[in-house]
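Q: Can you keep this structure in mind? I'll have questions shortly.
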Amino acid sequence: MPTYAYACKDCSHDFEIVQSFTDDSLTSCPECQGALRKKFSTVGVVFKGSGFYRTDSRDSKGSTVSPAPAPAATAPAATPAPAAAS
């Protein structure tokens, strides 16, 4: 179950609570019974495995993004042969 953070609009009391996705949001502060607001923060995501690609979860027929073109291959520069010793 996720942990939600709340802050009271009246007394600035901050707290966190574990709630189910289906539970209603809290509306009154446990300290002063004032109005609460839900605080939002970033979510930590860790991708593990051999790799994740932009096209992994997309339908190849419905994709409107074309892949980036591959860089053009260049021929190696010609180097002169060493001069024969006389």
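Q: What about S57, is it farther than 30 Å from Y6 by Cβ and either small (G, A, S) or modelled with pLDDT of 75 or more (or both)?
A: Judged against the criteria, S57 is a match.
Q: Applying the selection to the stretch 1-55, what residues are in contact (Cβ under 8 Å) with a residue 24 or more places away in the chain and charged (D, E, K, R)?
A: K9, D10, D14, R37, K38, K39
Q: For the stretch 1-22, give me the residue count where each residue is out of contact with any strand residue (DSSP E or B) (no Cβ under 9 Å at 6 or more places or on another chain) and at negative phi.
A: So the answer is 4.
Q: Just one of (1) at pLDDT 90 or above; (2) surrounded by 10 or more Cβ atoms within 10 Å (Cβ to Cβ) trips up S20, so point out which.
A: (2)
Residue by residue, here is whether (1) polar (S, T, N, Q); (2) assigned to a loop (DSSP other than H, G, I, E, B); (3) touching a Gly at 6+ places or on another chain (Cβ under 7 Å) holds:
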residue	(1), (2), (3)
Y4	no, no, no
A7	no, no, no
S12	yes, yes, no
S20	yes, yes, no
D23	no, yes, no
L26	no, yes, no
E31	no, yes, no
K38	no, no, no
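The values are calculated or read from the model by the stated rules, or taken from the named source; none is laboratory data. Please read all numbers here as calculations on a predicted model, not as lab measurements. Note that each Cβ is placed from the backbone with ideal geometry, even for glycine, and that neighbours are counted across all protein chains shown.
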